[in-house]
Amino acid sequence: MARPVYLLACALALLASTLASAEIVEQSFYVQNLTIQRLCQERVITAVNGMLPGPTINVQEGDTLVIHVYNLSPYNLTIHWHGVFQLLSGWADGPEYATQCPIRPGHSYTYKFTITRQEGTLWWHAHVQWLRATVYGALIIRPRAGRSYPFPKPYKEVPIVLGEWWNANVVDVANQALASGVPPNVSDAFTINGQPGDLYRCSSKHTFKLKVVQGKTYLLRIVNAALNNHLFFKIAKHNMIVVAVDACYTNPYVTDVIVVSPGQTTDVLLIADQPPAYYYMAARSYDSTGGVAQFDNTTTTGIIVYDGATSSASIMPVLPAFNDTPTAHKFFSNLTGLVTSPFWTPVPLKVDEPMFITMGLGMAACAANATCGGPNGQRFAASMNNASFQFPTKLSMLQAFSNNVDGIYTTDLPDQPPLKFDYTNSKNSLNQSLLMTTKSTKVKKVKFNSTVEIVLQNTALVGMENHPIHLHGFNFHVLAQGFGNFDPVNDRKKFNLFNPQERNTIGVPVGGWAVVRFRANNPGECLFRLYSFIS
């Protein structure tokens, strides 16, 4: 009886909290081929409503979203609402074969869910293969009527969606990598709101421009929709004030550079306090691999155009070096949560479910009658505690859970790595006794309302890099992060239990660790996702 009573209580609470100002926001997504010209080439991409990025969705906290998705593309498709809690609507989260089966070509599906206790910038994207390279857009959640931002009201709000562009069919790029077992070809360009910027060939007309008025304050809602790259972002001659990350308010943090990992969002206030002129905004990779893998080393630009500027010559910012880990770590580790914000959640102090998860790249056996390009003829595979996740193909995990169907997944995801070793010692980079993993669909079950603490430990297997991790259905507190192997005695002394940042996606430091904690108070099938270039 406990579960039905809880669900009823949640439903009544949600109803009471949303009646005052809630609206139904309804929109249709037509997903189909779009012919577009970039970098001197004409390409056919998959896009929503003929746009790149797709449409920005604007809602208020408490609103209910109804999105009709018509799949007119040649590919299976789902849409993931990245960062939305999906309270009582886990089936609307979107990951294929986790919470739903894909929408087949020629078919449609309607997502319906309520935005509850969230304000800020999130985003949506395709969740099948690599379609999210072009199927994505911003999701902006403003305070409901009667509430205001916990910072001065900006003159204007502007989405800045960072992406990647390939001069190729992205599904083919991904399939080629999966077939060969090696990292995929890197992108040919980065983009700002779908535009590469005038540092690329044939792109002077494909440059995003933002007109500003001197003295006014602008809220830039920055989304990293790139598949594989952390990005440094700067605006020439301007500071930015970080006020939120992943739809969680932060204490104001003044900086001249921000770093956004794949899947993260960062809201910044930009004060147009410089003499009227043209100023570049620019983004390029933060690459932490130390040469282990190739990366896109190009730079995308947009232009801030001051009202009254008399010259169109643009001033360029000095971006950090590609491998500037100290700058990236300083940014990520200096963010703190705003405890006076309306939806701040105090850190739960009692831990019920401690987990230690090693994560990074390993190797999986090459399939029979296949040729793989990894070391010793094997294939690269991302893994957690030596388990490399594989989506089921017959039934979604949520449906299997709801209907008690066996054989779709197992519940033996280990809490600890199968073998303890010197995780960040580069001498273990190609240690055959540690490298090999196997594909499986393993999950961990936790009790409702229990507190889960996870130590995310990067490893030196194959090579070290800053790995993005995204948790579906929850925000987590980032208690601490650092380099080397996590020290359970001394590193625990560094925990911020008062005002740590809350977010749904974290970049675990290269050759290092991060500790996150959250309360498992959202029943259903959630997904703890390691973003990496081979799955």
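The values are calculated or read from the model by the stated rules, or taken from the named source; none is laboratory data. In this text the structure is predicted, and so the values were computed from the model without any measurement. Backbone-built Cβ (ideal geometry, glycine too); neighbour counts: all protein chains shown. Note: areas computed on protein heavy atoms with side chains; ligands, DNA, RNA excluded. Shrake-Rupley method; radii C 1.70, N 1.55, O 1.52, S 1.80 Å.
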Residue check, VAL446 surrounded by fewer than 16 Cβ atoms within 10 Å (Cβ to Cβ), without any contact (Cβ under 8 Å) to a residue 12 or more places away in the chain, aliphatic (A, V, I, L, M) and under 30 Å from LEU87 (Cα atoms): no
Would you check if there is a residue in segment 176-183 being under 23 Å from the mean Cα position of the chain (by Cα) and buried (at least 21 other Cβ atoms within 10 Å of the Cβ)? no
Can you tell me how many residues in segment 407-443 are loosely packed, with under 15 Cβ neighbours inside 10 Å, without any contact (Cβ under 8 Å) to a residue 40 or more places away in the chain and not polar (S, T, N, Q)? 6
I want to confirm something. Restricting to segment 55-99 and keeping residues that are in a strand (DSSP E or B) and either among the aromatic types (Phe, Trp, Tyr) or open to solvent by 10 Å² or more (accessible area, probe 1.4 Å) (or both), which single residue is nearest to THR121 (Cα to Cα)? ASN58
In segment 116-139, which residue that is among the hydrophobic types (A, V, I, L, M, F, W, C) and in contact with a Pro (Cβ under 7 Å, 6 or more places away or on another chain) is nearest to ASN224 (Cα to Cα)? ALA138
Taking segment 420-440 and keeping only residues that are in contact with a strand residue (DSSP E or B) (Cβ under 7 Å, 6 or more places away or on another chain) and either β-branched (Val, Ile, Thr) or in a helix (DSSP H, G or I) (or both), one is left with THR424, LEU435, THR437, THR438
Which one of these is part of a loop (DSSP other than H, G, I, E, B), in contact with a His (Cβ under 8 Å, 6 or more places away or on another chain) and not hydroxyl-bearing (Ser, Thr, Tyr): GLY197, GLY146, GLY215? GLY197
Consider only pairs whose beta carbons are under 6 Å apart and that are at least six residues apart or on different chains; among these, list those whose first residue lies in segment 232-253 and is within 21 Å of ILE141 (Cα to Cα) and whose second residue is surrounded by 24 or more Cβ atoms within 10 Å (Cβ to Cβ) and among the small types (Gly, Ala, Ser). ALA244/GLY120; ASP246/GLY83; ALA247/GLY83; ALA247/GLY120; THR250/ALA244
Check whether at least one residue in segment 109-122 is within 22 Å of LEU52 (Cα to Cα) and either assigned to a helix (DSSP H, G or I) or open to solvent by 10 Å² or more (accessible area, probe 1.4 Å) (or both), and report yes or no. yes
Could you pull out the residue among ASN169, ASN175, ASN185 that is touching a residue at least 60 places away in the same chain (Cβ under 8 Å) and of a type in the set (S, T, N, Q)? ASN169
Count - residues of segment 248-268 that are closer than 27 Å to SER311 by Cβ and open to solvent by less than 10 Å² (accessible area, probe 1.4 Å): 1
Determine if segment 292-315 includes at least one residue that is in a loop (DSSP other than H, G, I, E, B), without any contact (Cβ under 8 Å) to a residue 24 or more places away in the chain and over 18 Å from PRO262 (Cβ atoms). no
Residue in segment 222-236 that is of a type outside the set (A, V, I, L, M) and surrounded by fewer than 18 Cβ atoms within 10 Å (Cβ to Cβ) present: no
The residue that is surrounded by the most Cβ atoms within 10 Å (Cβ to Cβ), considering only those in segment 395-406 that are assigned to a loop (DSSP other than H, G, I, E, B) and in contact with a helix residue (DSSP H, G or I) (Cβ under 9 Å, 6 or more places away or on another chain), is SER396
Look through PHE332, PHE389, PHE380 and report the one residue that is in contact with a strand residue (DSSP E or B) (Cβ under 8 Å, 6 or more places away or on another chain), open to solvent by less than 60 Å² (accessible area, probe 1.4 Å) and either within 30 Å of MET436 (Cα to Cα) or among the aliphatic types (A, V, I, L, M) (or both). PHE380
How many residues of segment 93-117 are within 20 Å of the chain's Cα centre (by Cα), of a type in the set (A, V, I, L, M) and at pLDDT 95 or above? The answer is 1
How many residues of segment 269-298 are among the polar types (S, T, N, Q) and surrounded by 21 or more Cβ atoms within 10 Å (Cβ to Cβ)? The answer is 2
